[in-house]
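Here's the structure, in structure tokens; my notes come after.
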Amino acid sequence: MVRRLQYAESSGHQSIDTKIMPNGCKPVVRAKFQMLNTVNDTYIFGYWDSLVSQGVGIGFYNNKLLTRVYNKWAYGGPADTNVHKVIMNASNGTFVDGEQIGAELSNVCDLGQQSYRLFGRNGSGYCAARIYSFALDLDGTTVLDLVPARRKDGVVGMWDRRTGEFYAPEMGK
């Protein structure tokens, strides 16, 4: 039904709604990605809840690589177009390319009420990026194990190796 690809790419005009909400759980994210430009306030993953001014994200903010879970965050170097591997909110901290950037960003509960997105956040626009792999655990249970794939009809998106579900992009701005 699908053919695996090296990466899925967004031009900055589409995103993928995973339909998964945090529900007060502790999210741990493992992502391999590449931003295709250094536009500020763009994210490959997350959401923004403007009612409480909180959110989750992996992306660029203040010209730095930002990782954030609800009300805690850590910066992981300058905004660039290199390929990065991020482990965010693990029990031993948050890591970018194998280097710990935030011991305080570990085991943080996400109290938000928005669903997680790829290639953008609902309140902060979309990003031009490539995602090579993406996994999300909530309270220690893997809920997404995504790899880039192309459906028979030619649509490129992310395929969940656990469930076989295909996540197609939605067009945005």
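Quick notes
- Total charge dipole magnitude, the range 1-62, about the Cα centre, Cβ charges on Lys, Arg, Asp, Glu only, Debye to nearest 20: 400 debye
- Exposure of Asp153 as accessible area (Å², to 10), given a probe of 1.4 Å and all protein chains: 100 Å²
- With DNA, RNA and ligands ignored, accessible area of Cys25 (1.4 Å probe; Å², nearest 10): 30 Å²
- Kirkwood hydrodynamic radius of the range 28-68, from inverse mean 1/r over distinct Cα pairs, in Å: 10.8 Å
- Among Arg121, Arg130, Arg162, the largest mean-square fluctuation in a Gaussian network model of the chain, built with springs joining Cα atoms closer than 10 Å, belongs to Arg162.
- For the chain, the Stokes-Einstein estimate of translational diffusion at 10 °C and a viscosity of 1.306 mPa s comes to 101 µm²/s, using the Kirkwood hydrodynamic radius over alpha-carbon pairs.
- Count of lysine pairs in the chain with Cα separation under 18 Å (8 or more residues apart, or interchain): 5
- For Lys64, Lys152, the ranking by accessible surface with the largest value first comes to Lys152, Lys64, using a 1.4 Å probe.
- Where Met171, Met88 fall by accessible area, highest first, once all protein chains stay in place (1.4 Å): Met171, Met88
- Options Gly93, Ala129, Leu111, ranked by Cα towards positive dipole end of the chain, top entry (Cβ charges): Ala129
- Phi to ³J(HN,Hα) by Karplus 6.51 cos²θ - 1.76 cosθ + 1.60 over the range 22-30, Hz, x for Gly, Pro: x, 6, x, 7, 9, x, 10, 10, 10
- For Ser50, the accessible surface of its heavy atoms amounts to roughly 90 Å² (probe 1.4 Å, protein chains only, rounded to the nearest 10).
- Total charge dipole magnitude, the chain, about the Cα centre, Cβ charges on Lys, Arg, Asp, Glu only, Debye to nearest 20: 440 debye
The values are calculated or read from the model by the stated rules, or taken from the named source; none is laboratory data. Computed from a prediction, not measured in an experiment: that's the story for all the values here. Here Cβ is always computed from backbone atoms with ideal geometry, including for glycine, and neighbour counts include all displayed protein chains. These area figures cover heavy atoms from the full protein model, side chains too; ligands, DNA and RNA do not enter into them. Shrake-Rupley method; radii C 1.70, N 1.55, O 1.52, S 1.80 Å.
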